[in-house]
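Data first, discussion second: the structure below is written as structure tokens.
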Amino acid sequence: MGSWPSVNDVLRQRVSSALSQALENHSRQIFALLRRVRPLIATRRFGVVTRADDVRAVLADHSHFTVPFYNRKMSEISGPFILGLDDTPLYQRDHAALRGAIRPADVPRLAAATLAAARDHVAAADGEIDIVSQLVDPTVDRVIAEYFGTSGPDTATQVRWSREIFQQIFLNVTNSAAPRQRALAAAAEMRPYLDAQIATRRAALNEGDRVPDDVLTRLLQHPPEEGGLHDIAVRHNLIGLIAGWIPTVSKAFAGAVNELLGRPSELERTQQAARAGDQELVGRYVFEALRFQPQTWALLRSCAAECTLAAGTRRATRFRGGSTVLVATQSAMFDKLAFSAPDEFRIDRPFEDYLHFGHGLHMCFGREINRVHLPALAVALFEGPRVARAGGRAGQMAWDGPYPASLTVTFATATSK
Ligand code: HEM
């Protein structure tokens, strides 16, 4: 979830701009220092949590640390969605309905669909590929279209809708007018588009027509009186899922590849693993690379009621009710008390130790999907000839606001391999 939420925006709002600029430029060193000398910071309105134990404790304590920021914005876009809900009956109902439609048994099918789509895009490349616009975005768009059963009009539009909506909900912490207007415009296009697809599928189900076994069918087949969702809630949730899927995977994949491109020996070993078809090993490189260039380096919580963190320790700190708390997940992944030799790139770290997908109640719903989706994308990119950064600016990550815009890599020719 640029980061999810926009930590820099929050910092700019809450602390001096000099400190926020310093944090932007030297965040790893500053958080290392904070973890040592001041691991927990709490003022009347703002808090920071930097160590792995405390980060996990805050994310696990969803009664004291809540997510009130997102719901109003989600309702403007379409309607309530689980990430914006605290642990209420609505959260539990929607979460259960989504679990009924998006099942662990689907994960191998999603891995295969990702690999097939990504291979098609790599095969279409002529010596070089922009891994954002020509690989990850169209692959994800195709996988979602097949799996959810809700294709967008075209990849560019679907990517634009999801980016605008995601930015407004998760990144526009200062509530600036322009991102809000863009997101409302995107949502005004996306809502009727999805409504039409839902209505068509509903009609087919009512007629007893043959329908695909996808997420849309499963959601619509589950009646509200048995815990399923009304059609309008199906729309809210599909918008939330699509907006939570495309921009996150796009940024995570681009960040991981960018990191690997800067580490020649790890890149070489990733390519060897990909050529050997060892997707699990490729995944270890990807998730470790993501620790250095994460999709987000912090999550936000609101402290709902006064409480003390790390009670009984020397760092015990009281957090005030109503304060906004920056939960520094990347910092936690560099905490040497939880990650041995944290500055080293190591592929022997357990997947469960990473905080890329959060922790606790709101832990990423797509975590197990991501666990195969990102590695499958990487296998398709790396299983062929040697991959290198393109020359000049094309080979450097370019940004479109908070999102990667492009990062071009070349494939070695047979003679240069
Ligand atoms: C690499 C890609 C992704 C990353 C890095 C990522 C990261 C995250 C993180 C950190 C959270 C927790 C947010 C918080 O606690 O404030 C989260 C929640 C969530 N993610 Fe993801 N995500 C990714 C992809 C996906 C995908 C593919 C889906 C859908 C299949 C998805 C659906 C969700 C949902 C629904 C939640 C909210 C869960 C809840 O509130 O119970 N995400 N994600």
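The values are calculated or read from the model by the stated rules, or taken from the named source; none is laboratory data. Nothing here was measured: the structure is a model prediction, and the numbers come from that model. Note that each Cβ is placed from the backbone with ideal geometry, even for glycine, and that neighbours are counted across all protein chains shown. All accessible areas refer to the heavy atoms of the entire protein, side chains included, with ligands and DNA or RNA removed. Shrake-Rupley method; radii C 1.70, N 1.55, O 1.52, S 1.80 Å.
Restricting to the stretch 255-296, name every residue that is within 16 Å of the ligand (Cβ to nearest atom), part of a loop (DSSP other than H, G, I, E, B) and surrounded by fewer than 22 Cβ atoms within 10 Å (Cβ to Cβ). If the condition is that a residue be within 16 Å of the ligand (Cβ to nearest atom), part of a loop (DSSP other than H, G, I, E, B) and surrounded by fewer than 22 Cβ atoms within 10 Å (Cβ to Cβ), then Gln293 is the only one that fits.
Name the one entry in Asp348, Asp353, Asp343 that is modelled with pLDDT of 95 or more and within 16 Å of the ligand (Cβ to nearest atom). Matching residue, one of Asp348, Asp353, Asp343: Asp353. Return a yes/no flag: does the stretch 63-75 have any residue that is on the phi > 0 side of the Ramachandran plot, buried (at least 21 other Cβ atoms within 10 Å of the Cβ) and in contact with a Leu (Cβ under 8 Å, 6 or more places away or on another chain). No, there is no match, as no residue in the stretch 63-75 is on the phi > 0 side of the Ramachandran plot, buried (at least 21 other Cβ atoms within 10 Å of the Cβ) and in contact with a Leu (Cβ under 8 Å, 6 or more places away or on another chain). Take the stretch 81-125 and flag every residue that is crowded, with 20+ Cβ neighbours inside 10 Å, modelled with pLDDT under 95 and not in a helix (DSSP H, G or I). Answer for the stretch 81-125, where residues must be crowded, with 20+ Cβ neighbours inside 10 Å, modelled with pLDDT under 95 and not in a helix (DSSP H, G or I): Phe81, Leu85.
Of the candidates Val107, Val122, Val37, the single residue that is more than 16 Å from the ligand (Cβ to nearest atom) and over 18 Å from Ala328 (Cα atoms) is Val122.
Kindly establish whether Thr329 is open to solvent by 10 Å² or more (accessible area, probe 1.4 Å), of a type in the set (S, T, N, Q) and under 30 Å from Leu85 (Cβ atoms). Considered against the rule, which asks whether it is open to solvent by 10 Å² or more (accessible area, probe 1.4 Å), of a type in the set (S, T, N, Q) and under 30 Å from Leu85 (Cβ atoms), Thr329 comes out as no.
Here Ala42, Ala101, Ala96 are screened, and the one residue that is within 12 Å of the ligand (Cβ to nearest atom), farther than 22 Å from Gln158 by Cβ, among the aliphatic types (A, V, I, L, M) and more than 19 Å from the chain's Cα centre (by Cα) is Ala96. Checking the stretch 297-304 against the condition returns no match, with no residue being at negative phi, open to solvent by less than 10 Å² (accessible area, probe 1.4 Å), away from the ligand (no atom under 16 Å from the Cβ) and not in a loop (DSSP other than H, G, I, E, B). All conditions in (1) crowded, with 21+ Cβ neighbours inside 10 Å; (2) in contact with a strand residue (DSSP E or B) (Cβ under 6 Å, 6 or more places away or on another chain) hold for Glu128, with the sole exception of (1).
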